[in-house]
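The values are calculated or read from the model by the stated rules, or taken from the named source; none is laboratory data. What you see is a predicted model, and the numbers here were worked out from it, not measured in a lab. Note that we place each Cβ from the backbone using ideal geometry, even for glycine, and neighbour counts take in every protein chain shown. Areas reflect the complete protein model, heavy atoms only, side chains present, ligands, DNA and RNA absent. Shrake-Rupley method; radii C 1.70, N 1.55, O 1.52, S 1.80 Å.
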Amino acid sequence: MHTGEITVAFAPELRVFVAQRAADPIRIDGVSTLGHVVESLGVPLTEVGELTVDGRPVRPSHVPADRETVAVAAVTRPVLSAQPVRFLLDIHLGTLTRRLRLLGIDAAYENPDIGDAALAARSAAEHRVLLSRDRGLLRRREIYSGAYVYSHKPAEQLDDVLSRFAPPLDPWTRCTSCNGTLHPADPESVRAQLPDNTGRTYDTFARCADCGQTYWKGAHHARLDAIVAAALAKYPDPLAR
């Protein structure tokens, strides 16, 4: 049923979802909510900030009327939370998961893939922000909260998440394999798990309290340290300013 048309203007950040239709009048049926209309145009509501109709703020539950002009803003960054933010990442974001954990951020990850329904259920049960590049997954109503990851490149993905959520950083405190907590380990206690000569070459070790994985500053440390240093420089602890 066609009861009129509205004009919808999207923020530049959201045009990646609707670029080919940004200037077209949108038909309405007089029943569907504005949130439904926005999502039908390809924009997950997780990415929407303020909605205005003819200059006045409205909620996604607003039912648009003929000739209304709608403006759809992007989420304002950073999104601040009273509680420490915790994440859940889908199967396609493994590298981003490891980098978040490297920075001490609680980042859960399911591998092998458990499916959209189970991911959404875990997000809801554990109050985790679901990170994904799958717009269909982010449209599931049962998720606790979600965010679209805009880039294919891990470095840009990390910057995207840090700029959006501003989580406190505590590098080298989480296991990049399982998300568990790292604790200092005595070299003698981990020697049997180490490759040949590692116990004699290095003297500082950490062990995951959950999976038992052992860590030391090996040949790969310089690359990881560069990731950590860049993140700390760009996103310092706000309480330390």
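Annotations
- Average silhouette area of region 92-147, convex hull of alpha-carbon atoms, in square nanometres: 3.6
- Solvent-accessible area per residue in region 19-90 equals 54 Å², computed with a 1.4 angstrom probe and all protein chains kept.
- Computed over region 28-100: relative contact order in percent, which uses C-alpha pairs under 8 Å that are six or more apart: 30
- Region 1-112, accessible surface, carbon-and-sulfur percent (1.4 angstrom probe): 51
- Distance in nm between pseudo-label sites at Arg67 and Thr204 (7 Å out along the Cβ direction from Cα): 7.0
- Theoretical gain in end-to-end length, Ala229 to Ala124 [0.36 nm per residue, Cα-Cα removed]: 34.5 nm
- Calculated [θ] (222 nm, deg cm²/dmol) that DSSP helices of n ≥ 4 give over the chain, each run adding -39,500 (n - 2.57): -7500 deg cm²/dmol
- Only Cα pairs under 8 Å and 6+ residues apart enter the sum, and on that basis the relative contact order of the chain stands at 15 percent.
- For region 112-241, the solvent-accessible area works out to 58 Å² per residue, with a probe of 1.4 Å and every protein chain left in place.
- Cut-off 20 Å, label 7 Å out along Cα→Cβ of Asp237, residues of region 65-101 by amide N: 80-86, 100-101
- Nearest-0.05 FRET efficiency for Glu13 and Thr181, computed from C-beta distance (R0 30 Å): 0.25
- Global geometry of region 76-176, whether rounded, prolate or oblate, following the gyration tensor of its Cα atoms and the 1.5 cut on a/c: rounded
- Candidates Gln193, Gln213, Gln157: whichever shows maximal mean-square fluctuation once the chain is modelled as a Gaussian network with Cα springs under 10 Å: Gln193
- Taking each residue as 0.36 nm, the span from Asp24 to His152 lengthens on full extension beyond its C-alpha to C-alpha distance by 43.2 nm.
- On full extension, the segment bounded by Ile114 and His36 gains 25.4 nm, given 0.36 nm per residue less the C-alpha separation.
- Highest GNM mean-square fluctuation among Tyr109, Tyr202, Tyr150, for the chain modelled with Cα contacts below 10 Å: Tyr202.
- Among Leu51, Leu80, Leu137: highest mean-square fluctuation, GNM of the chain, C-alpha pairs under 10 Å: Leu80
- Extent along the principal axes, Cα only, for region 112-241: 53, 36, 28 Å, with the longest axis given first.
- Rounded to the nearest 5, the antiparallel percentage of DSSP beta bridges internal to the chain is 55%.
- For the chain, the normalised intensity computed at q = 0.13, 0.14, 0.16 Å⁻¹ comes to -0.87, -0.96, -1.15 (log10 of I(q)/I(0), Debye sum over alpha carbons, equal scatterers, no solvent).
- A Förster distance of 45 Å, applied to the separation of the beta-carbon atoms of Val53 and Ile91, puts the FRET efficiency at 0.75.
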